[in-house]
1. Considering (1) hydroxyl-bearing (S, T, Y); (2) touching a Leu at 6+ places or on another chain (Cβ under 7 Å); (3) free of Cβ contacts under 8 Å to residues at least 60 places away in the same chain, say which one S47 fails and leave the rest.
2. Working only within region 11-29, note down all residues that are in contact with a helix residue (DSSP H, G or I) (Cβ under 8 Å, 6 or more places away or on another chain), at pLDDT 95 or above and surrounded by fewer than 16 Cβ atoms within 10 Å (Cβ to Cβ).
3. Report whether or not F93 is out of contact with any strand residue (DSSP E or B) (no Cβ under 7 Å at 6 or more places or on another chain) and of a type outside the set (D, E, K, R).
4. Which ones in region 79-111 are assigned to a helix (DSSP H, G or I) and in contact with a Lys or Arg (Cβ under 7 Å, 6 or more places away or on another chain)?
5. What number of residues within region 55-78 are assigned to a loop (DSSP other than H, G, I, E, B) and either more than 18 Å from I110 (Cα to Cα) or among the charged types (D, E, K, R) (or both)?
Amino acid sequence: MSAQADLPGNRQSELWRSLEGVNDPELDEPVTDMGFIERAEVLTDGSVAVDFRLPTYWCSPNFAFLMLDGMRQALEALSWSPAYRIRLHDHMFAEEVNRGVDAGKTFGQIVGDLAGDEDIAALRATFARKAYLRRQ
């Protein structure tokens, strides 16, 4: 990596560009455009902190997980492979989702019996298909 690519401002720009690729699964709009991300910051040690808030306390936990998991994937793809912390705030399952995302758990592992037999991969595929059709 060149010295230019390693500048803090470049990392901050890369961080925001990566988060622009994470969409609200229902509306197919970037979470950055919807104002859900309150803070996305490259810290002085090179790690990343993201604070995220959904429009309602009662937003579906599976939607929250899909967006947080998308953020996790975006952060893991950053060029400098930083340590990171993503925090969902003011949501009915914030504590469980934050703890689970930190541990790399699946949606079913996070919410346990509340998830029933929901297949989060199938749900993600359904939303991707709907988004594709909406754009046609």
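1. So S47 meets the others, but not (2).
2. Of everything in region 11-29, just one residue is in contact with a helix residue (DSSP H, G or I) (Cβ under 8 Å, 6 or more places away or on another chain), at pLDDT 95 or above and surrounded by fewer than 16 Cβ atoms within 10 Å (Cβ to Cβ), namely G21.
3. Judged against the criteria, F93 is a match.
4. N98, V101
5. Residues meeting the conditions: 4.
The values are calculated or read from the model by the stated rules, or taken from the named source; none is laboratory data. Model, not experiment: these values are computed from the prediction. Cβ sites come from the backbone with ideal geometry, for glycine too, and all protein chains shown count toward neighbours.
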